[in-house]
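The values are calculated or read from the model by the stated rules, or taken from the named source; none is laboratory data. Because the structure is predicted, anything quoted here is derived from the model rather than measured. Methodologically, a virtual Cβ is constructed for each residue, glycine included, from the backbone with ideal geometry; neighbour enumeration extends over all protein chains shown. For the accessible areas, the whole protein counts, side chains as well, though only heavy atoms, and no ligand, DNA or RNA atoms are used. Shrake-Rupley method; radii C 1.70, N 1.55, O 1.52, S 1.80 Å.
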Amino acid sequence: MLMYLIIFVIVGFIVAKLLKDTKKAFLIFTCLAILCGIVYAPMWGLVSFGEMAFGYFIVVFTRD
């Protein structure tokens, strides 16, 4: 599970670097989380959404 944590935080980090629009970024996160929730379980979809949001907010809060 640690591998998925690292992967989804990196995905959130990359999306934050590539997209400046918050709505588009969270639309991507939502789609990926729904896909993950369908493949594994709804709980893991929510967890992956939180991990991607965490990676996104790392970039947003450190951006100056």
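Structure summary
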{"quantity": "Only listed residue being open to solvent by less than 100 Å² (accessible area, probe 1.4 Å), among the aromatic types (Phe, Trp, Tyr) and assigned to a helix (DSSP H, G or I), chosen from 61, 29", "calculated": "29"}
{"quantity": "Some residue of segment 40-57 being loosely packed, with under 12 Cβ neighbours inside 10 Å, within 13 Å of the chain's Cα centre (by Cα), in a helix (DSSP H, G or I) and not hydroxyl-bearing (Ser, Thr, Tyr)", "calculated": "no"}
{"quantity": "Out of 24, 20, sole residue that is free of Cβ contacts under 8 Å to residues at least 12 places away in the same chain and surrounded by 12 or more Cβ atoms within 10 Å (Cβ to Cβ)", "calculated": "24"}
{"quantity": "Boolean, residue 50 is at pLDDT 95 or above and in contact with a Phe, Trp or Tyr (Cβ under 6 Å, 6 or more places away or on another chain)", "calculated": "no"}
